[in-house]
Amino acid sequence: MAKKEYSFYPGCSSERKASASNYMVSVEAMCEKLDIKLNEIPDWNCCGASIGYAEGGELPRHVMNARNIALSEQNNPGQDIVATCAACWLGAKETADRLDACEQLLADTKEVLQQAGLDIHLKNETPIRHMVEVLIEDIGYEGIKEPMVKPLEGIKFAGYVGCQTNRPFGVDGESFENPMYLDKMVETVGGEAITNYEKKVTCCGGALAFSEPEKSQKQIKEIIEAAYDQGADMIVTPCPVCQMNVEVYQDQINKHYGTKFHIPVTYYSQLLTVAYGGSAKEAGLNGNIIRAKRLEDIAAK
Amino acid sequence: MSDVNTAMVQKYRNDFLKEVEENVEEGHWVKMCMQCGVCSGSCPFGPHWDHPPQEIFMMIRAGKRDEVLTTESMWMCTSCYNCIVRCPRELPITHIMHGLANYAHRLGIAPKMNPTRRFAGIFWNNIAKTGRVNELALSLKLYFMDGFMSGIKKGLAMMSVGIGMIKTKRLNPFALISHKGVKNPKELHVLLKKAREIEDRRKGIAS
Amino acid sequence: MSEKKTAVYVCRGCGIGNRLDTDQLAKIAESEGKCSLVRQHDFLCNADGVSTIRNDIDGEGVTHVVIAACSRRAKTDAFGFDDVALGRANLREGIIWVRPDTEEARETTQEMADDFLRMACAEIQYIKQPDTNQNAGTNKNILVVGGGVSGMTAAIEASKAGYGILLVEKTGQLGGWAAKLHKRVPDREPFADPVDAGVSDLVKSVEYEKNINVFLNSSITRTSGAPGQFSVDISAESGETVTENVGSIIQASGFSGYDANQLPELGYGKSPDVIDQAELEQLAIQAADGPIKRPSDGKEVESVVFVQCAGQRSDEPGHLPYCSGHCCNTSIKQAMYFKDANPNVDTVVIFDDLRTPGNGEDFYRSAQRKGVIFTKGKPQQVSPVDGQLEVKFHDMILNDEAAATADLVVLATGQIPNSGVDIEPAAMQEVEDGGGESAAQAETETREVQIPVESILNLTYRQGVDLPHLRHGFSDSHFICFPYETQRSGIYTCGPVRRPMDIAQTMEDATGAALKSIQAVENAVLGRAAHPRSGDLSFPSFRREGCTQCKRCTVECPFGAIDEDEQRYPLFNESRCRRCGTCMGACPVRVISFDNYSVDTVGQQIKSVNMPDEFDEKPRILILACENDAYPALDMAAQQGLEYSAFVRIVPVRCLGSVNTIWVTDALNSGYDGVMLMGCKKGDDYQCHFVKGSELAHYRMSKIDDTLQQLQLEPERVEIYEVEITDIQRVPALINEYAAKIDEIGMNPFKGF
């Protein structure tokens, strides 16, 4: 019998052979160790992501998210919706908030969903939460520590929280300018957190890494540089867009700026999985383009 | 689409603020800006905006319709939400910028060649088609949006990234044929079409 | 009083007994201090210690008590023997807490204690228990000058507290500016809409209060006397004058509007449709919540532009340099007059900085919700164009030239205080004519704005007919520490005569001033000082035969307490005196003194110190520390265990203004190697409790350089510092730096002469 059960919204990037598939692998392993059961929302669709507004507009964007919420209400009644992707979480939560606040928008949305035989109730029956909220609030730092068998000793992590896990909603009790939960999580599993990491909440460019690569890569360069300045061995993040942007462009940045960046960018779930005794494969470490060698070493021990 | 634009110009005369309030997502907040400039100072892409949010708000109040709707500024928004959490007046600035960009786009007067505008179109069509992102199709579309040769060039430049992703099983080289979305994409199309209809009706945009 | 008998009590508590040789201190008190009764006690401030002293006073006839224990600022309740002359030697905060507890420091620390005891014994010999002021007045009535919101509020508040009020108003009706308002800025939740100005309620309250006697069409043609015994002539327009006695005075003379004719560039005078805020109020009253019509042709206003900071916050000639505080909220309110009557009226407020402190922020938001447009810009020109007005301005956000057209333009002009005659230029003239070396305000301010020069109070004081001004013509009222306190004891200001303010601030201000005026009369009838030496019974007196009639005391008294008699001798008004001793510091022939504070009480302390000879390598540094800020800062440094040099000998003074230069020259002549003077911040934003004391001390010390040169001493041997009460870390550092500097310069060659 599972300790905790949630309605799970994995999102597009977590799919098999998608850009954050290794995140998903490690989340599954982590949840198993923490006795968390994730019930995937059947037939979920994309949230519209941060760029969906421009073509999609207001109501179509909310309909996308409302459909997911409605499906969750129907199939996983009474369960909190949990997302692992910042954009999925943000999109769903924003829609829930906005529909809750605006009767007209809610009525319009209901009218649209009817076409697919769906309905949406809201009224906070289904809070929409990020996986890190589940860890911090439901499991707690003590609980996170409990299954630990291999403390991540001697590794210095720059905790890169990024934007959308942090703003505009953020995690309760944390500041927007300097959230500490990721550092605390790192320390809970025995790693060394760089608590004064200057670029902790700086934007990586998000979706504009595609359309405005030069401007975004300048952001990314600074994010990586600040991690090196503090002697980080690797970067850890809760966001798939952050992970991808900061990891995959390092070669291009090196070429453009003459830098010699080669720093692994990992997910918190990978850290926890390794600390819980999971293998490198279970932690999805084979999915990192820049291999997190020191985590792999611990996993292999 | 430019007919829509003309209709709007006629409808609101020179009251651009009212036009924004009635047609732009969260537009009713524009009048509440107190011109402190914290948003402009907090924007990661701030230096790349011709008119940072503070100025955009001022321009709307000053009735500078064309300048606002044709600027590339809003298209620089990375959706980092820094402005929102710092705004002392709690204006949903990010959403207003999104709303303005979308409105300009819907009127057909947004900058044609702006890469983010074009990417956004590609992205939405990508997800609307099957309900989920097809990352391979998305990247290819993006690279080839300026034509075949340009696409090959960009593709080559991004090759190492792509290969890295494929090798780590984070990009499916066969996704063009094997990508799966929601079970019934047609039903989703119906929903989105209906949503667009209602939205256009509310905003008086006859499509 | 019976025969003088001095007793010294040396406390051994709080570690004093462990750190110091108290037997030796007792011996010094007996032999050098010539005190007949010397006791040591292990815990002097406990019940046993206190009753020991009490019994000596009652049983042994002790009249003078020296307590050698903690700082004079500590244990004031336990040691509050108000029937004897009291001195304190500060062994705890002054010595053991600022010195290291080490073997090598022991000798110099003990020397410090020995000297502090000598100083206390020397001082007590010259202290007399002060007699009560025989000239105290008995009148507790309060005169309020001005019948606007501030005056009426002050009158009502004081009347409700049971005091008789004389309320004098120059015009034929009460209400002042507020009576001319359509509505006022809201003063309560939800701060969203203009509310009734409330003037008729205030007038009703004034009429209802039995204690308030109203004089309309009247002004004050003469004011003389002192707290508790003012005499005022109240003259009516009809020419009839009555003389009344009051205990204190509240000046609530308000403000005049800035003359917008000085702003032709903003269109005033060029079109009747360019008006100021006061004129808009008239239009709004006429419109009675209906559509407001423009003056030129009576057309309903469809568009209005408000120009903020018109002739204000500007260095241009003829403009007011300051912000009048209320005008942003007032324009917001007036824009609402239009929006509330018809939401389709275009209302634009052109501002530089919109200043809406406190709940004004909610009011601002409310206006934004109502659709008032706020544009950040600098207006450049307003001109009539085709029956409308064109407002050209520089858009400060878009950095662009812009223009707006409107039916009506409202200029937000400023407040000019009705503060009466500026007495300072007159005083300056006298000093120059007299060729005296008075410090009286070395810097004169160039006044670009001409203010009305009709006197408000017509004081018969030697220093002038009205209250001294601070900056921009506002009455000085101890801006930083003690609002309402003017430089004339028993006379308080409130409202816009004190600083620019709105109705809500004015009412709060008036309530404060009412309270202070009550405090003043209650202290006055007891013959005590009110502020800041509250309860002090001492007052200055002078030795007539020694006086050279140099006038310095009468000119330099910051409170105008000293007049001149027919023979041109100083005439002290004890009840006006704040007991700072500035007159004592000013007197070149040293004939002015207080019973318990005099040239001798300090001078003898300075002389009593045991001066080591040149070859002992033990310099002596005299510190004269203001008891208001510097001395508490020293005490707090001690509480924090910060250390400073053992070579200093500290004498607290009432104010640096009371420091007579003879103390400094005597100190140098008797072998001190350096003198540090520590006083409060001077200047326009002064923190001196006595307004001018610190400034005067700086001036006087600048003259001492000549003396030093004559003695062939280095100018660094006398230094003056501005010290704030919060300078806890800085004060010990200053002392140590100075000690190092003296070390560098070397010993005073006058040692041993």
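The values are calculated or read from the model by the stated rules, or taken from the named source; none is laboratory data. These numbers were taken from a predicted model, which means no experiment stands behind them. Neighbour counts run over all protein chains shown; Cβ positions are idealised from the backbone, glycine included.
Name the single residue, out of those in the range A:98-144 being at positive phi and either modelled with pLDDT under 95 or within 14 Å of chain B (Cβ to nearest Cβ) (or both), that is farthest from the chain's Cα centre (by Cα).
That would be A:Gly117.
Looking only at helices (runs of 4 or more DSSP H) that fall completely inside the range A:198-266, which ones have 3 or more residues that are facing another protein chain (nearest Cβ under 10 Å) and either more than 23 Å from B:Ser79 (Cα to Cα) or touching a residue at least 40 places away in the same chain (Cβ under 8 Å) (or both)?
A:240-248, A:250-257
Out of all the residues in the range A:267-300, which are part of a loop (DSSP other than H, G, I, E, B), more than 13 Å from every other protein chain (Cβ to nearest Cβ) and over 17 Å from A:Gly190 (Cβ atoms)?
The answer is A:Ser279, A:Glu282.
Return the residue satisfying two criteria in turn: it lies in the range C:355-370 and is facing chain B (nearest Cβ under 10 Å), not in a loop (DSSP other than H, G, I, E, B) and not aliphatic (A, V, I, L, M), and of such residues it is farthest from the chain's Cα centre (by Cα).
Among residues in the range C:355-370 that are facing chain B (nearest Cβ under 10 Å), not in a loop (DSSP other than H, G, I, E, B) and not aliphatic (A, V, I, L, M), the one farthest from the chain's Cα centre (by Cα) is C:Arg369.
Before we move on, is C:Arg568 under 22 Å from C:Val602 (Cα atoms) and either touching a residue at least 12 places away in the same chain (Cβ under 8 Å) or among the hydrophobic types (A, V, I, L, M, F, W, C) (or both)?
When the stated conditions are applied, C:Arg568 does not pass them.
Of the numbered conditions (1) more than 15 Å from C:Val145 (Cβ to Cβ); (2) buried (at least 22 other Cβ atoms within 10 Å of the Cβ), C:Glu240 satisfies every one except a single condition; which is it?
Against the list (1) more than 15 Å from C:Val145 (Cβ to Cβ); (2) buried (at least 22 other Cβ atoms within 10 Å of the Cβ), C:Glu240 comes up short only on (2).
Take the residues in the range B:25-41 that are within 14 Å of chain A (Cβ to nearest Cβ) and either under 22 Å from the mean Cα position of the chain (by Cα) or without any contact (Cβ under 8 Å) to a residue 12 or more places away in the chain (or both); name whichever of them is farthest from B:Arg89 (Cα to Cα).
Among those that are within 14 Å of chain A (Cβ to nearest Cβ) and either under 22 Å from the mean Cα position of the chain (by Cα) or without any contact (Cβ under 8 Å) to a residue 12 or more places away in the chain (or both), it is B:Glu25.
How about the range A:68-80: which of its residues are farther than 21 Å from A:Asp138 by Cβ and either in the same structural domain as A:Tyr268 (by TED's automatic domain parsing) or touching a His at 6+ places or on another chain (Cβ under 9 Å) (or both)?
A:Ala70
Which of the following residues is within 20 Å of the chain's Cα centre (by Cα), among the polar types (S, T, N, Q) and surrounded by fewer than 23 Cβ atoms within 10 Å (Cβ to Cβ): A:Asn178, A:Asn196?
A:Asn178
Inspect the range A:33-54 for any residue being among the aliphatic types (A, V, I, L, M), touching a Leu at 6+ places or on another chain (Cβ under 7 Å) and part of a helix (DSSP H, G or I) and give the result as yes or no.
no
Checking B:Thr70 against (1) facing another protein chain (nearest Cβ under 10 Å); (2) modelled with pLDDT of 95 or more, only one condition comes out false. Which one?
(1)
For the range C:718-753, what are the residues that are farther than 13 Å from C:Gly674 by Cα, within 26 Å of the chain's Cα centre (by Cα) and not aliphatic (A, V, I, L, M)?
C:Tyr721, C:Glu722, C:Glu724, C:Thr726, C:Asp727, C:Gln729, C:Arg730
Find all pairs meeting these conditions: Cβ atoms under 9 angstrom apart; at least six residues apart or on different chains; first residue within the range C:274-297 and closer than 23 Å to C:Ser256 by Cα; second residue among the polar types (S, T, N, Q) and part of a loop (DSSP other than H, G, I, E, B).
Sorted first by the residue in the range C:274-297, then by its partner, the pairs are C:Asp276/C:Thr413; C:Gln277/C:Thr413; C:Ala278/C:Thr413.
So, in the range B:81-107, how many residues would count as being in contact with a Pro (Cβ under 6 Å, 6 or more places away or on another chain) and within 8 Å of chain A (Cβ to nearest Cβ)?
Total satisfying the criteria: 3.
Against the condition at negative phi, within 9 Å of chain B (Cβ to nearest Cβ) and in contact with a Ser or Thr (Cβ under 6 Å, 6 or more places away or on another chain), how does A:Ser19 come out, does it pass?
Here the answer is yes, as A:Ser19 does meet what is asked.
Please state which of the following conditions A:Leu71 fails to meet, knowing it meets all the rest: (1) crowded, with 24+ Cβ neighbours inside 10 Å; (2) under 22 Å from the mean Cα position of the chain (by Cα).
All conditions are met except number (1).
State the number of residues belonging to the range B:26-44 that are in a loop (DSSP other than H, G, I, E, B) and surrounded by 22 or more Cβ atoms within 10 Å (Cβ to Cβ).
Result for the range B:26-44: 3.
Residues to consider are C:Asp115, C:Asp131; find the one that is among the acidic types (Asp, Glu) and either closer than 20 Å to C:Gly512 by Cβ or part of a loop (DSSP other than H, G, I, E, B) (or both).
C:Asp131
The rows are residues; the columns are (1) under 30 Å from A:Val149 (Cβ atoms); (2) crowded, with 20+ Cβ neighbours inside 10 Å; (3) outside the structural domain of A:Asn286 (by TED's automatic domain parsing).
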| site | (1), (2), (3) |
| --- | --- |
| A:Phe8 | yes, yes, yes |
| A:Asp43 | no, no, yes |
| A:Leu59 | no, yes, yes |
| A:Ala66 | no, yes, yes |
| A:Val82 | yes, yes, yes |
| A:Ala92 | no, yes, yes |
| A:Arg98 | no, yes, yes |
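Of the residues that make up the range A:75-85, is at least one facing chain B (nearest Cβ under 7 Å), more than 25 Å from A:Leu208 (Cβ to Cβ) and modelled with pLDDT of 95 or more?
Within the range A:75-85 (the criterion being facing chain B (nearest Cβ under 7 Å), more than 25 Å from A:Leu208 (Cβ to Cβ) and modelled with pLDDT of 95 or more), the answer is no, since none of the residues qualifies.
Looking at (1) within 19 Å of A:Lys293 (Cα to Cα); (2) charged (D, E, K, R); (3) surrounded by fewer than 18 Cβ atoms within 10 Å (Cβ to Cβ), which is the one condition that is false for A:Asp229?
Only one criterion in (1) within 19 Å of A:Lys293 (Cα to Cα); (2) charged (D, E, K, R); (3) surrounded by fewer than 18 Cβ atoms within 10 Å (Cβ to Cβ) is unmet by A:Asp229, namely (1).
Is it true that B:Leu191 is more than 10 Å from chain A (Cβ to nearest Cβ) and under 21 Å from the mean Cα position of the chain (by Cα)?
no
Restricting to the range B:8-24, name every residue that is within 14 Å of B:Leu107 (Cα to Cα) and either within 14 Å of chain A (Cβ to nearest Cβ) or touching a residue at least 60 places away in the same chain (Cβ under 8 Å) (or both).
If the condition is that a residue be within 14 Å of B:Leu107 (Cα to Cα) and either within 14 Å of chain A (Cβ to nearest Cβ) or touching a residue at least 60 places away in the same chain (Cβ under 8 Å) (or both), then B:Met8, B:Lys11, B:Val20, B:Asn23, B:Val24 are the ones that fit.
Kindly check whether there is at least one residue in the range A:152-166 that is over 18 Å from the mean Cα position of the chain (by Cα), away from chain B (no Cβ under 14 Å) and within 24 Å of A:Met24 (Cβ to Cβ).
Within the range A:152-166 (the criterion being over 18 Å from the mean Cα position of the chain (by Cα), away from chain B (no Cβ under 14 Å) and within 24 Å of A:Met24 (Cβ to Cβ)), the answer is yes, since at least one residue qualifies.
Which numbered condition in (1) free of Cβ contacts under 8 Å to residues at least 24 places away in the same chain; (2) part of a strand (DSSP E or B); (3) among the aliphatic types (A, V, I, L, M) is the only one that C:Ile350 fails?
(1)
Can you find a residue in the range C:546-568 that is assigned to a loop (DSSP other than H, G, I, E, B) and closer than 21 Å to C:Thr76 by Cβ?
no
Anything in the range C:146-194 that is assigned to a loop (DSSP other than H, G, I, E, B) and surrounded by fewer than 17 Cβ atoms within 10 Å (Cβ to Cβ)? List them, or say none.
C:Ala161, C:Gly162, C:Thr171, C:Gly172, C:Gln173, C:Asp187, C:Arg188, C:Glu189, C:Pro190, C:Ala192, C:Asp193, listed by residue number.
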